[in-house]
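Asks: Encoded as C-alpha cells, here's the structure I'll be asking about.
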Protein chains: 2
Amino acid sequence: MHDDSLIDGVAADADWLNERALQFGDGLFETVAVVRGEPCLWDAHMARFAEGCRRLHLPKPDFGLLEEEAGLLGAGRAQAVLKIYWTAGRSARGYRRPTPLQPRRMLHVSDWPYAGQAGAWVLRQCLHRLGENPALAQIKHLNRLDQVIARSEWDDPTIQEGIMLGQDGRVVCGTLSNLFVQKGNTLVTPSLAGAGIAGVVRGLALAIARTNGEQVHEDVISVQQLSDADALYLTNSLIGVVRVAGFGTRRYDLDFAEHPLMTETRRRCHQPGREGIDNG
Amino acid sequence: MHDDSLIDGVAADADWLNERALQFGDGLFETVAVVRGEPCLWDAHMARFAEGCRRLHLPKPDFGLLEEEAGLLGAGRAQAVLKIYWTAGRSARGYRRPTPLQPRRMLHVSDWPYAGQAGAWVLRQCLHRLGENPALAQIKHLNRLDQVIARSEWDDPTIQEGIMLGQDGRVVCGTLSNLFVQKGNTLVTPSLAGAGIAGVVRGLALAIARTNGEQVHEDVISVQQLSDADALYLTNSLIGVVRVAGFGTRRYDLDFAEHPLMTETRRRCHQPGREGIDNG
C-alpha cells in the first residue's frame, strides 16, 4: 500500500517528511553574516562545511555554486543573515542513507537580528551540559538539541547568553557563541576537543594571532576562571566580538583595556568577502 | 525585507524550512509496529514520548488524539510501520524556542520492511562511537547522527546490524536495536545511563522478567563478552526479538537453547494493542 501521512490531523502529501535533516538531523549548516550584499568570512565557512562533510561521510557541495546563490540572495541587502543547509537529502524511513545519495542545498536569507552593534552581554551558567563526542565536535551539524535545551532554561531578556559546560564541568562555549577569557594580557579560549563548535570568528582570532606571533592558548577552562578573569569576550558570525558585562553575580569592568586581538578581530569579521583566515 | 530561500537553486516558499525538527532536530519520534490495523505496545511508546517531553522541556502531546490518528492511518493494514513525530514546531532562525510554543504532530505510515519474520542477523562492530550525555540518553529524540554515521560504515547486504560502543569502548546497542547477551542461563543487557535508546521491546523483556521474578542484569558489557556469549539477541519495535548468527569472525550456535524470556518477549511484542509492560 502507499504511504499515508497526517500532519496536525490533516492528510498531507508529506514529501518534506522524507528529508533526512528532519528525520535525523542528517546534515550541516552555516550561519553567515551578509554585509553590503556579500557574505563575510566565506572561505572560513566553507572550510568548516568541508570538514563537516568529511566527518559525516557526505560529499562536498559545489562551493562555487553556493557562493553564486549566496550572492543572489544577498543582493541589495545592507546587512542580513544567510543560513545555508547541506543535507543528506531525502530517503524512506531508516538510518541507512539511500544509494545514490542526493544531498540538498538550502539557502535562506533573513533580516539582521541586532539593531546596530550588539552591546555588552550578561551571561548565566546553563544547567544542561554538552554531550561529549570528539567525532562530532567542532563541526556545525544539525544535531543541536544541547543548545536548544540550554537556551530554553531562561526567559529573562536582560540575560543574553548562557555558558555551557562539558560533562566534566569544564567551560566549553555559549549556546550560540565561543568564548575568550582575558587575564592581564593573556587570552585563553576553551579547547573544543570533545564538544562545542569551532566558530569562524574564533578561527579568525586564532589565525590573526598566529600571523602576529601572538599567543592565544586553547585550554581547559574552569567556571572559577571566568569569575577570576579581567574580561570575557563572546564571538560568532553575527555578533562578531562582544564584551561580557556580567556572569552570574560577577560584574566586569568594561573600562579594562580590551585585548588588541579582540579589537582587530571585531574590525575584520564583518568585512564582506573572503577575507579573514587566509589573509589573517 | 522579507525572507528569501533557494532550495537546490529554486526559489521556494520554504515554510517547512522553519520547522525546528529540521533546523535543530528539536523533537522526538517513535517507530511503532502496526499489526491488523492496530499499533503494538502503544502504552510503552507513549511512556517514552512522555519522558522525552520532560527531558526536552516540551509539552506532552494529546495521547488520545495520537491514538485516534494512529488508528486512522493503520486501518486496513495487516502489518505496517507507523512513525510518529512530536516536534517543537516552527520558528525563525535561532536556538530559542518561540512563545507560545506550538508543537506539531506528524504521523506517517509505510509498508512493513521485512518479508515475514526476520531471520538470524550478522553483526559488525562500528568504528563511530556514541556521544555521551545522560540528559539525552534513553529517549528517542531527533538528533540521530551517531546512528546515521555508524550505519553508513558498511554496504555489505550480508551484514544486518552494527554494534555501537560508547566513548570508553563499552558495548551500548546496535544502530537500530538493543542487545541482550546470554551466557548459560543468565541474560545481560547494556546499561543505557550515558548513551543509547531505551527500546520498548527491551522494556517489555525487562518488565516480563520482573513479573516472573527472573533476573536480567543491566550492566557494563565489553566487546569480549559478546564473543564469549552463548547467544546474542537484538530487539526493536519492528524486528521484535532476533537472534544473532555472527559477530565479526564469531559464529553462534543457533541450536543453543533460546532463553525463555526472549521467546516470551517475541511472542508478545507484535500483539496489537496496549499489551506489554503494564500486563507484563
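Asks: Could you check, for region B:217-237, whether at least one of its residues is outside the structural domain of B:PHE49 (by TED's automatic domain parsing), within 21 Å of the chain's Cα centre (by Cα) and modelled with pLDDT under 95?
Replies: Checking region B:217-237: at least one residue is outside the structural domain of B:PHE49 (by TED's automatic domain parsing), within 21 Å of the chain's Cα centre (by Cα) and modelled with pLDDT under 95.
Asks: Next question, about the same structure. Would you be able to say whether some residue in region A:115-137 is closer than 20 Å to B:ASN18 by Cβ and not acidic (Asp, Glu)? Please lay out each step first, then the result.
Replies: Narrowing region A:115-137 to residues closer than 20 Å to B:ASN18 by Cβ: none.
Scanning region A:115-137, I find no residue that is closer than 20 Å to B:ASN18 by Cβ and not acidic (Asp, Glu), so the answer is no.
Asks: Turning to a different aspect of this structure: Could you please give the count of residues in region B:79-132 that are assigned to a strand (DSSP E or B) and of a type in the set (Ser, Thr, Tyr)?
Replies: Filtering region B:79-132 down to residues assigned to a strand (DSSP E or B) leaves B:79-87, B:90, B:104-111, B:121-125, B:132.
Pick out the ones that are also of a type in the set (Ser, Thr, Tyr) and you get B:85, B:87, B:110.
So the count comes out to 3.
Asks: Kindly indicate whether A:TRP121 is more than 10 Å from chain B (Cβ to nearest Cβ), modelled with pLDDT of 95 or more and under 25 Å from B:ALA12 (Cα atoms).
Replies: no
Asks: Among the residues of region A:12-34, count how many are assigned to a helix (DSSP H, G or I) and of a type in the set (Phe, Trp, Tyr).
Replies: Here the count works out to 2.
Asks: When only residues in region B:138-158 that are in a loop (DSSP other than H, G, I, E, B) and touching a helix residue (DSSP H, G or I) at 6+ places or on another chain (Cβ under 9 Å) count, which is surrounded by the fewest Cβ atoms within 10 Å (Cβ to Cβ)? Give the derivation first.
Replies: Just the residues of region B:138-158 that are in a loop (DSSP other than H, G, I, E, B), to begin with: B:139-140, B:142-144, B:152-158.
Still in the running and touching a helix residue (DSSP H, G or I) at 6+ places or on another chain (Cβ under 9 Å): B:139-140, B:142-144, B:152.
Numbers: B:ILE139: 19, B:LYS140: 21, B:LEU142: 27, B:ASN143: 24, B:ARG144: 22, B:SER152: 21.
Top of the filtered list is B:ILE139.
Asks: Among strands (runs of 3 or more DSSP E) lying entirely in region B:162-242, which contain 2 or more residues that are among the hydroxyl-bearing types (Ser, Thr, Tyr) and crowded, with 19+ Cβ neighbours inside 10 Å? Spell out the reasoning first.
Replies: Details: elements: B:171-174, B:178-183, B:186-190, B:216-219, B:231-236.
In region B:162-242, the matching strands (runs of 3 or more DSSP E) lie at B:231-236.
Asks: Let me ask something else. Return a yes/no flag: does region A:64-80 have any residue that is closer than 30 Å to B:SER110 by Cα, more than 10 Å from chain B (Cβ to nearest Cβ), free of Cβ contacts under 8 Å to residues at least 60 places away in the same chain and not charged (D, E, K, R).
Replies: Taking region A:64-80 first, the residues closer than 30 Å to B:SER110 by Cα are none.
So far as region A:64-80 goes, no, none of its residues is closer than 30 Å to B:SER110 by Cα, more than 10 Å from chain B (Cβ to nearest Cβ), free of Cβ contacts under 8 Å to residues at least 60 places away in the same chain and not charged (D, E, K, R).
Asks: Turning to a different aspect of this structure: Quickly run through region B:6-45 and pick out the residues that are among the acidic types (Asp, Glu) and either under 22 Å from the mean Cα position of the chain (by Cα) or surrounded by fewer than 22 Cβ atoms within 10 Å (Cβ to Cβ) (or both).
Replies: Result: B:ASP8, B:ASP13, B:ASP15, B:ASP26, B:GLU30, B:GLU38, B:ASP43.
Asks: While we're on this one: For region A:178-216, which positions are under 20 Å from the mean Cα position of the chain (by Cα) and free of Cβ contacts under 8 Å to residues at least 40 places away in the same chain?
Replies: If the condition is that a residue be under 20 Å from the mean Cα position of the chain (by Cα) and free of Cβ contacts under 8 Å to residues at least 40 places away in the same chain, then A:VAL188, A:THR189, A:PRO190, A:SER191, A:GLY199, A:ARG202, A:LEU206 are the ones that fit.
Asks: Still on this structure, please answer the following. Among all residue pairs at least 6 apart or on different chains, which show Cβ distances below 8 Å where the first residue, located in region B:8-33, is in contact (Cβ under 8 Å) with a residue 12 or more places away in the chain and more than 7 Å from chain A (Cβ to nearest Cβ) and the second is aromatic (Phe, Trp, Tyr) and not in a strand (DSSP E or B)?
Replies: B:LEU28/B:PHE49; B:GLU30/B:PHE49; B:VAL32/B:TRP42
Asks: Right, something else. For A:ARG251, which of the numbered conditions (1) surrounded by 13 or more Cβ atoms within 10 Å (Cβ to Cβ); (2) out of contact with any Cys (no Cβ under 6 Å at 6 or more places or on another chain) fails to hold?
Replies: The failed condition is (1).
The values are calculated or read from the model by the stated rules, or taken from the named source; none is laboratory data. This structure is a prediction, so every number in the text was calculated from the model and none was measured. Positions of Cβ are generated from backbone atoms using ideal geometry, with glycine treated the same way; all protein chains shown enter the neighbour counts.
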